[in-house]
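The values are calculated or read from the model by the stated rules, or taken from the named source; none is laboratory data. Only a predicted model underlies this, so the values are computations on that prediction, with no experimental measurement involved. Cβ placement follows ideal geometry from the backbone for every residue including glycine, while neighbour counts extend to all protein chains displayed.
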Amino acid sequence: MPTSRLLSAVRRTPPIVLATAGVMLGCIMDAMVKSLGGAYSVVLIAAGRYAFGALFAGIVLLTSRAPLPNRESLPAHALRALIIAACALLFFNCLTLLPIAEATLLIFSAPLMIAPLARMLLREPMRLASGGALLIGFAGVLVTVHGLEGSADTGRRLEGLASGAAAAVLYALSMVLLRQIGPKNNPVTIAFLSNLIPAIYLVPVAAWLGAAPATGDILLFAATGLAGFLMWFCLTAAYARAPAQDIAPAEYTALIWSAALGFIFFAEAPRWQAWAGASIIVLGMMLVTWDSRRTPRRD
């Protein structure tokens, strides 16, 4: 069975390789979203991405015989899916307005926000290093937005920056909520619901707006859904088999993939401020990684 062979191959693949592949697939999806953004609204793009993602995730769910979610967890899944849908709309809007590398950099600050959100919502203790990393990451974002061109595009750039920053907050919130439902659900089941429920939210809105993809672009819409599903499939499998701090370096490769895709397909050359901001944000993430390695030894 193809699915069983796929799952077997995933189990044999080193976690860091899976994580790197997942990050690369996410950047490829971003490039396809940016390409579609020239002709379609972000609502239709997001609806298509999650509708096709749900199709591919459903196939894996059925063929792998993963358990269905229990009724008690459905409200939590529905709330997280609403946040995921809003995050996708904001980030896809950001992608249509900013170079891929800069949009990726903004969403890159999301991991730094997880600790304070977990403190507020889950009452998890927030370590000093996490607070320091958050401030460092915010400084990196400020460096990134510094030196914007004083042209007629400034308004669109500011809209893109605001969309990206809001998407980062919602992404971090979705990850915090995942901590609540993750231990109680199968990863394949989570992936399926994380695609199906956002599609349920978004497809009727796209239909109400009268939006529909051209026949020639349906394959590209399907590819975004497949890339999005495979991205989370790889990342979920990687984080399930290795400590988060061992996987974190793979996230940094997003800057390389996004810069390369932006340059090759959209002739985008990231400004030096973007690279400087990326370095600062990576420094903040390294601080959290170092502290997470050190903390268990104190317990």
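A few remarks follow.
- Criterion violated by LEU68 - all others in (1) modelled with pLDDT under 90; (2) more than 22 Å from ALA267 (Cα to Cα); (3) buried (at least 21 other Cβ atoms within 10 Å of the Cβ) satisfied: (3)
- Residue match in segment 283-293 (condition: modelled with pLDDT of 70 or more, assigned to a helix (DSSP H, G or I) and surrounded by 15 or more Cβ atoms within 10 Å (Cβ to Cβ)): no
- The criterion of being at pLDDT 85 or above and either surrounded by 24 or more Cβ atoms within 10 Å (Cβ to Cβ) or in contact with a strand residue (DSSP E or B) (Cβ under 8 Å, 6 or more places away or on another chain) (or both) does not hold for CYS87.
- Whichever residue in segment 11-64 is in contact with a Pro (Cβ under 9 Å, 6 or more places away or on another chain) and of a type in the set (Phe, Trp, Tyr) and, among such residues, is nearest to ALA227 (Cα to Cα): TYR50
- Only one of the numbered conditions (1) among the β-branched types (Val, Ile, Thr); (2) surrounded by fewer than 21 Cβ atoms within 10 Å (Cβ to Cβ); (3) touching a Leu at 6+ places or on another chain (Cβ under 8 Å) is not met by THR63, and that is (3).
- Looking only at segment 22-36, and only at residues there that are closer than 19 Å to ALA250 by Cβ and either touching a Cys at 6+ places or on another chain (Cβ under 8 Å) or hydroxyl-bearing (Ser, Thr, Tyr) (or both), the one that is surrounded by the most Cβ atoms within 10 Å (Cβ to Cβ): GLY22
- Of the candidates ALA78, ALA39, ALA47, ALA9, the single residue that is surrounded by fewer than 16 Cβ atoms within 10 Å (Cβ to Cβ) and either at positive phi or at pLDDT 90 or above (or both) is ALA78.
- Taking segment 167-274 as the region of interest, the helices (runs of 4 or more DSSP H) fully inside it that hold 3 or more residues being at pLDDT below 80 and of a type in the set (A, V, I, L, M, F, W, C) are 218-241, 244-266.
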